[in-house]
1. Considering only protein heavy atoms, what per residue accessible area in square angstrom results for the stretch B:4-190 with a 1.4 angstrom probe?
2. As I understand it, the dipole of the stretch B:4-190 uses +1 on the Cβ of Lys and Arg and -1 on the Cβ of Asp and Glu, about the Cα centre. Which of B:I23, B:I187, B:S40 lies farthest toward its positive end?
3. In nm, what is the difference between 0.36 nm times the number of residues separating B:D118 and B:F312 and their Cα-Cα distance?
4. Within 10 Å of each Cβ in peptide B:160-168, how many partner chain Cβ atoms are there on average? Round it to a whole number, please.
5. Provide the percentage of antiparallel DSSP beta bridges, counting only those with both residues in the protein assembly as shown; round to the nearest 5.
6. Could you state the angle between the C-alpha long axis of helix A:66-78 and the longest principal axis of the C-alpha atoms of chain A, as a value from 0 to 90 degrees rounded to the nearest 10?
7. In peptide A:42-50, how many Cβ atoms from other protein chains are near each Cβ within 10 Å, on average?
8. Measuring from label point to label point, each 7 Å out along Cα→Cβ, what is the B:E54 to B:L341 span in nm?
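The values are calculated or read from the model by the stated rules, or taken from the named source; none is laboratory data. Note that the structure is predicted; figures quoted are calculated from it, not measured. So basically every Cβ, Gly included, is an ideal-geometry build from the backbone, and we count neighbours across all protein chains shown. Note: accessible area is taken over every heavy atom of the protein model, side chains too, but ligands, DNA and RNA are not part of it. Shrake-Rupley method; radii C 1.70, N 1.55, O 1.52, S 1.80 Å.
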Amino acid sequence: MQFNENKLKLLISKILKVKPNQIKNNSGLGQSSNWDSIGHLKILLAIEQEFKINFGDKEIISIINYRNIKNLIKKKITNK
Amino acid sequence: MSNKRIKIFFIRNFTIDPLFDHIQNILKKKYLNANFFVSSYDNATIEVLNKNSEIYKIKPDLIFVFLNIDSDIDFLNNKEKSKFFNNFYKNINIISSNLKKLNSKICFFNIPNLENADQETNIFFRKTNELIKKISKKNSFGYLDLASHVYKVGYDNFYSYKFWKLSMFPFKELGIDILSKIISKHIFLLYGHQHKLLILDGDNTLWGGILGEDGIKNLKIGENYPGVFYKNFQKLLVQLKKKGILLSLCTKNNLSSIQELFRSRKKDLILKLSDFSAIQSNWKPKYQNINLILKKLNLSAKNSIFIDDSLFEINSVKKIIPELDTLLMPNNASDFNRTLLDFVNINSFNLTVEDKKRAQLYVDEDKRNKEKIKYSSFTNYVKNLKIILNVNRNSTKDIERLSQLTQKTNQFNTTTIRLSSDQMSQLIKNSKNNTDVIYCRAKDKFGDMGIIGLAIISICDDKVVLKNLLFSCRALGRFIENAFLQYLFKYMLNKNIFNIECDFILNKNNKIAYDFLIKNNFKLINLKKNNYIFKKKINKLDLDKKFNLIKTI
């Protein structure tokens with residue numbers, strides 16, 4: 001499976017109810033009113049489902065912004 | 001369906017919010033919208049006790065009590081477990097006894113046992129669920145059997161230990177999917193999307209193979225593989241019928257072939273032709289036959305499911321009757337039962353005798369309608385039905401049905417105040433305090449219609465106040481409602497009471513009750529928007545002999 005950044009942006013923007021271009025690298029947990037703890041949980045759940053990956057116990061607490069999330073998904077998909 | 005937003009409140013002790021988008025998406029398919037509200041995680045009981053808390057301000061339409069127990073409970077010693085659970089039972093009791101005072105529909109979830117927990121823990125879980133079930137039944141709360149759904153797919157597939165410890169969110173993707181469906185199903189049930197009728201195809205649905213091509217003796221149905229799947233599907237249909245769902249047959253076959261099939265394969269078939277409340281077996285387009293079935297049974301398409309194995313038939317019916325639910329049967333008959341059970345919306349809790357014999361009621365009604373044509377005068381027709389009205393007062397033996405009547409009757413219902421069986425029971429017990437619960441059962445030569453009418457009255461000095469008057473639609477239009485009103489008049493005159501008032505809350509459905517009171521010379525006083533009082537002075541002239549053709553006992 002190829003990593004598709006548009007797909008990730010679209011997924012997150014849908015959950016947070018913002019436009020995809022509003023998602024920046026440093027967007028993340030606590031950085032905007034939409035991206036709160038519930039929003040973050042929804043994003044993690046949706047990513048596991050959509051990209052068919054499983055975040056490890058340590059990984060899941062290390063991904064707190066878009067950049068972290070994107071890099072981790074890329075890594076996990078390449079290592080599959 | 002209206003565009004009303006349903007206010008749904010969750011009493012919860014865990015993160016539940018990620019479910020809401022999923023539920024909303026399902027609700028939208030039936031044009032329902034919801035706003036979701038939640039209690040705090042750890043103070044739900046205190047919030048319920050505090051009459052100034054959000055739940056009392058919001059006045060939700062529907063409240064789900066959805067509690068979760070941390071799997072770490074298994075690590076506690078027995079004394080600690082006992083303390084925890086006793087506290088938990090107390091909380092459930094406090095929550096239920098306070099919530100029932102609200103005018104909301106309430107629904108409890110049971111709690112699945114932990115996987116691999118020790119025996120002691122499982123006993124506590126069992127007791128918890130027994131308590132939840134008992135409370136739900138007693139108060140006519142909904143009861144969602146989460147445990148059976150979890151056992152079906154496996155605890156590990158349903159629950160996520162990782163997300164539970166990370167965010168107090170206990171579910172995996174499959175759990176989210178199943179929960180969203182069962183919660184939406186329950187909402188649909190409450191908002192009139194209860195399925196009452198299954199319209200069934202024959203070939204490759206009720207039996208394997210095509211009657212016209214394979215011949216009767218080659219059809220797959222019986223004890224052998226794969227016929228056993230069709231036989232079990234028929235067993236499921238019989239079970240659903242017992243729960244009050246009507247069955248009808250809509251098949252592209254000659255009626256004579258179908259009759260021959262049910263005769264000659266009687267031993268293999270579970271269903272009998274008489275199990276179907278309507279049969280359309282011909283070569284006309286299915287949508288025409290479905291419309292005839294709906295008309296005959298006086299049911300709406302939105303409360304019915306058309307079940308067929310052909311995508312062509314499903315699509316062409318859906319095009320003409322879009323509000324009809326359709327279910328395409330899967331390729332493998334081994335999946336039939338699960339497919340139907342997942343799809344059908346039925347309320348299997350608190351079934352009354354009337355629910356169980358609904359199919360028979362429709363058969364009787366069909367006979368009445370046929371009889372009607374024979375008479376040129378309506379009065380003669382009613383006279384010939386030999387209706388007997390059996391009136392009861394303050395009896396506790398029919399509480400479930402009386403509560404159900406208040407909950408299900410929308411048209412002939414003066415206030416549409418819904419009462420749980422517990423509230424009904426309280427009313428009857430308080431009957432000495434000048435409140436009377438009077439109800440009637442009607443029978444005629446074709447059958448027993450069951451309990452169809454209810455009046456809740458209070459007697460204040462020189463007048464009777466009708467707090468609520470309601471009649472099941474299936475009994476209307478045969479003077480039964482008039483005979484019941486006559487009974488009430490006689491009852492008052494015997495007590496030397498001559499004034500009657502009726503509280504009335506007008507809504508878009510109950511105009512029929514409004515017209516009935518006007519027709520019976522009640523005078524209307526408008527209090528405020530949609531709230532009325534109907535008043536009438538009665539005397540012996542109001543006792544109309546015309547209605548004596550209905551024998552009241």
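1. Numbers: 8630 Å² over 187 residues.
Using a 1.4 Å probe on heavy atoms only, each residue of the stretch B:4-190 averages 46 Å².
2. B:I187
3. Details: separation 194, 0.36 × 194 = 69.84 nm, distance 5.25 nm.
Full extension of this stretch gives 64.6 nm more.
4. Per-residue shielding by partner chains comes out at 4.
5. Values: 41 of 83 bridges.
Here the share of antiparallel DSSP bridges comes out near 50 percent.
6. That works out to roughly 20 degrees.
7. On the way: counts 7, 1, 6, 9, 3, 0, 5, 5, 0.
Neighbouring Cβ atoms belonging to other protein chains average 4 per residue here.
8. 3.6
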